[in-house]
1. For the range 272-381, just run the numbers: alpha carbon Rg, then divide by 2.2 N^0.38 Å, N being how many residues it has.
2. Considering only protein heavy atoms and a probe of 1.4 Å, how much of the accessible area of the range 307-381 is carbon and sulfur, as a whole percent?
3. Only four residue types carry charge here, +1 at the Cβ of Lys and Arg and -1 at the Cβ of Asp and Glu. Report the dipole size of the range 174-293 about the Cα centre in Debye, rounded to the nearest 20.
4. If a helix is a whole DSSP H run, which ones in the chain reach 15 Å or further along their own axis (Cα) and hold a mean Kyte-Doolittle hydropathy of at least 0.0?
5. Stick to the Cα atoms of the chain, pair each with every other, and give me the Kirkwood hydrodynamic radius in Å at one decimal.
6. Within 10 Å, at most 12 other Cβ atoms, and a DSSP state outside H, G, I, E, B define an exposed site. Report the longest part of the chain free of exposed trypsin sites (Lys or Arg not before Pro).
7. Keeping all protein chains in the complex and leaving out DNA, RNA and ligands, what accessible area do you get for Glu174 with a 1.4 Å probe, in Å² to the nearest 10?
8. Counting only protein chains, not ligands or nucleic acids, how are Ser194, Ser335, Ser36 ordered by accessible area (probe 1.4 Å), most first?
Amino acid sequence: MRFSTIHLENWRNFTLVDVPLQQRMFLVGPNASGKSNFLDVFRFLRDFVRVGGGLEQAVADRGGVSRLRSLAARRHPEIVIDVQIGENNEVDWRYRIGIVQDNHSRPFLTEERVWKSDKLILERPDNFDKDDKELLRQTHLEQINSNRNFREIAEFFNTISYYHIVPQLIRDPERSVGKKFDPFGGDFLEQIASAPKKTQESRLRRIQNALRVAVPQLQELTEYKDDRGVPHLRARYDHWRSKGAWQTEADFSDGTLRLMGLLWALLDGNGPLILEEPELSLHAEVASHIPQMMASIQKAQKKQARQILVSTHSGDLLRDPGIAPDEMLLLRPTSGGTKVEVSIDNEEIKHLLESGIPVAEAVLPHTRPPKVEQLAIFGND
C-alpha cells in the first residue's frame, strides 16, 4: 500500500495542504520552506503505532502542540492530518485526526475518523469520549483493543521508515549504546548484522556492485564482528600490494558511507521510505543516477514496490529524464504559510513543460530565493 493523498491544516509551516502522492515523490523548495516538516508528518503517524509510541509521546518528542501548530494559524488552531491509503490506484482506507491542546498544554483529539473504502467505520468523539474526556488523549489507532476493524492502517504506518545517515555516528565506536532503528545511522551496522545471513549477503553483494561504479578502487565488501562482538563493515581496495588493502567503516569517506546507507535503505523493507537530501557528499554524476536506482528497486519489487518520498536541492539528481512532472512537489513560502503544489499544476511550469523544457529546468527556478545574489556582497561595509 501507499499514501495516495495527504491533507494538512495548521501543521508546522503549512496552513493548508491538499495534494496527491505518487509512488515516488521529490520535494523541492528554498531553504526553510518546510520540506523536513512535511516529511515529518509521515514519521509522526508512524510514532502513533510504534512500540513505546502513541499520540502523547509523538507530540512530546516534537516539543508539544504549540511547536507543531503553524505560526500562521489564526482563527482555527486545530491541527488536522488526513491521509488516504491504497494500492493499484484504489483508495482502501482514509484516516483523519484533529489535535489541539488543553489548558495544561496536553494534546487531545478533536476528532478521529476512519473510512474503509467510502464507508465511515469510526467517528470520535463518541459517547464514551463524551463521558470521559481523558479518552481523547489517545487515538484508537494506537490501541490494540480498539483498532481491530482498521488494524491494517496501524500495520501500514508501522512500515514507514526514515533514513538520513550521519557518517560520524557510524564511525563512533559507541554508536549502538541505547540506540535502535536510529534513522541517523547510530545502529546502522547493527541493522546489517542482524539481518538474516542470506538477506545480508545478497544486499551487501548488490551494494558492493553499485559501489564499484561509484568508488572504482573498491573490490569487495563484507561484514564481520570484532573480538568484542561489535559489528563492522570492511572493504578491500585496489592497492600496490597484490592482495589490496582492507579498510573498515572508520576509514570510509562520508560519500561512501552515505551511499551505503542509501542503498541499504532502498533494499530494506517495502513500506514508505523517507529520504532527506540523499545527494549529500556524493559526486554529481552519482547523484544524477539516484532516481534510476529508486525506479530499478521499485520495478524489482513489483507488486510490493515501496513508496519513496525524497527532499532534495540537487539539480543533478532532478535532471533525470525519467522524473515525471506529477512526481515533483513544489514548496513556496508565503506570509500565510508555505504553499505546496504538484509541479504540473503550476500554470507557468506547465507551459514550460509543454514547450519541451526538461522538468528540472522548469521547476528549479521557482525554488530560487529572491535576491539571492545579495549573498555575494557578504562582508562588505
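1. Expressed relative to 2.2 N^0.38 Å, the Cα Rg reads 1.23.
2. That fraction is 55 percent.
3. It comes to approximately 560 debye.
4. Taking the DSSP H segments of the chain (at least 15 Å long, mean hydropathy at least 0.0), we get 35-49, 254-267.
5. Here the Kirkwood hydrodynamic radius works out to 22.7 Å.
6. 244-370
7. Near enough 110 Å² of accessible area.
8. So the residues, ranked largest to smallest area, are Ser335, Ser194, Ser36.
The values are calculated or read from the model by the stated rules, or taken from the named source; none is laboratory data. Computed from a predicted model, the values in this text were never measured in an experiment. Note: ideal-geometry Cβ built from the backbone for every residue, glycine included; neighbour counts use all protein chains shown. Calculation scope for accessible area: heavy atoms of the full protein, side chains included, ligands and nucleic acids excluded. Shrake-Rupley method; radii C 1.70, N 1.55, O 1.52, S 1.80 Å.
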